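Notes follow once the structure below has been shown.
Only the coordinates and a few stated rules stand behind these numbers; no lab work does. Just so we're clear, the structure is a prediction, and the values are computed from it rather than from any experiment. Every residue, glycine among them, receives a Cβ derived from its backbone with ideal geometry; neighbour counts consider all protein chains shown.
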Amino acid sequence: MKLLYLDCFSGISGDMFLGAMLDLGLPLETLRGELAKLNLHGFRVEARRVISRNISGTQFECVADEHHHHRGLTDIVAMIERSGISAPAKQRALRVFRRIGEAEAKVHGIPIERVHFHEIGAVDSIVDIVGACVAMELLGVERVVALPPPLGSGFVETAHGRFPVPAPATLELLKGVPTGTSPEQSELVTPTGAALLAEFCATFGPMPAMSVEKIGYGAGTRESVTTPNVLRAVLGTAATAAESDSVAVIEANIDDMNPQWFGDVMERLLATGALDVFLTPIQMKKNRPGTLLTVLCESGDADRFAELVLTHTTSFGVRIHEARRRKLAREIVRVATRFGEIEVKVGRLNGKVVMRSPEYESCKRAAALANVPVREVYAAAAKETI
């Protein structure tokens, strides 16, 4: 699987994203040819090498004749649908604009049909969004993971006045997206950057296990104080999902809860999608015996499960951290035994069988029918050739 990792340590904007894609090897002329299919006039796109705090990167720029032309979502949708870009890029761009439209409608309290984009409706923003969607397809990206972006601080001037960072639409777009902090007194994530992250990214966190093929740096236009103002993009092949991934680990030390309630908590967590839940006896302060509740879940679900733990236990806080897993590729096969067919879980590493384990419930059913101990069925299934 072709994986793109966005290292947003200095934030993200539309032009930084496209600069990074060009730095990864996307030809500028190819991008120009695709953007021409929009039939949008009055602009040109350029790219140049720049240095940001000793880091060399590509700076993308859309030079437009117009300034902050207002367009409605309907106008932009019609433009994209009439364009000659590929169907996947077209649908992805429409989803990005739909996200922005929904955010603007929520912020201003109006129906989405009445939304008129200001900065986002300008030629340069349309080019950034459509260009980003085209670039994803041209580079063959199948999955995107990003570092939680820092938002910056201070104030930003918008068409509706001066607002604290992040701008209202940006914050709305980042619902459900983990974010970081930065001492920079500027806007590090633009509305376009937030929309691209929300649409493109499968998960957020540290760089996953992958075979790195190319590294690109997309440079922004502002001068940063503490870090290079670049978006680092890493393109490569993801490790087989069945063999390597990352999960969130949520932990809580509890010493004052009725032990009977743990069963209910465990059932709730598993029923709502936790990968695993387990309890460990521990000795806590003041010599009190306690229980360590541990929950494993998908990284993007960490906050949801943390809230479940805080709601259904007596804990006043939880610890959350990311853990990398190595797993065997698994499948269930059926083997013939003298007790009938038994399900066996098979684990492979690099295509080679390294583990086999008869499924307990399958062995139990066969043992009951044959009126023999479960261990006999288990032994018979374990010795069969896979």
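Compute a Gaussian network model of the chain, connecting alpha carbons closer than 10 Å, and tell me which residue from 175, 90, 364 fluctuates the most. Taking springs between Cα atoms under 10 Å, the residue moving most is 364. Treating cross-link reach as a plain straight distance, find the lysines whose alpha-carbon is under 17 Å from the alpha-carbon of residue 2, omitting any fewer than eight places away in the same chain. Within the straight-line limit of under 17 Å, residue 2 reaches these lysines: 214. Segment 197-226 and segment 45-102 have Cα centres separated by 18 Å. Sequence-ordered 3J(HN,Hα) estimates for segment 190-195 from the Karplus curve with 6.51, -1.76 and 1.60 and θ = phi - 60° stand at 8, x, 5, x, 5, 5 Hz, glycine and proline given as x. The alpha-carbon of residue 364 sits under 16 angstrom from the alpha-carbons of these lysines, leaving out residues fewer than 8 places away in its chain: 345.
Were the residues from residue 368 through residue 55 laid out at 0.36 nm apart, the gain over their Cα-Cα distance would be 105.8 nm.
Under the definition of Cα pairs under 8 Å and six or more residues apart, what whole-number percent is the relative contact order of segment 1-106? Let's see the in-between values first.
Details: 76 pairs, mean separation 25.3, N = 106.
24 percent.
Share of pairwise Cα-Cα distances greater than 24 Å in segment 129-225 is 27 percent (whole percent). For segment 79-118, list residues with backbone N below 20 Å from a point placed 7 Å from the Cα of residue 163 toward its Cβ? Of the residues in segment 79-118, 96-118 have backbone N under 20 Å from the label point off residue 163. Loop-located GluC sites (Glu not before Pro) across segment 1-91 with a Cβ neighbour count of 16 or fewer within 10 Å are 66, with loop assigned by DSSP.
Could you sort the peptides 176-185, 13-22, 295-304 by per-residue average Cβ neighbour count (10 Å cutoff), highest mean leading? Please list the in-between numbers first.
Numbers: 176-185: 14.8, 13-22: 27.7, 295-304: 19.0.
So the order, starting with the most tightly packed, is 13-22, 295-304, 176-185.
For the chain, the Kirkwood radius over C-alpha pairs fed into Stokes-Einstein at 25 °C and 0.890 mPa s yields D = 101 µm² per second.
Can you put 215, 332, 85 in order of Cβ neighbours within 10 angstrom, beginning with the fewest? Numbers along the way, then the final one.
Details: 215 15, 332 10, 85 20.
Exposure proxy ranking, most exposed first: 332, 215, 85.
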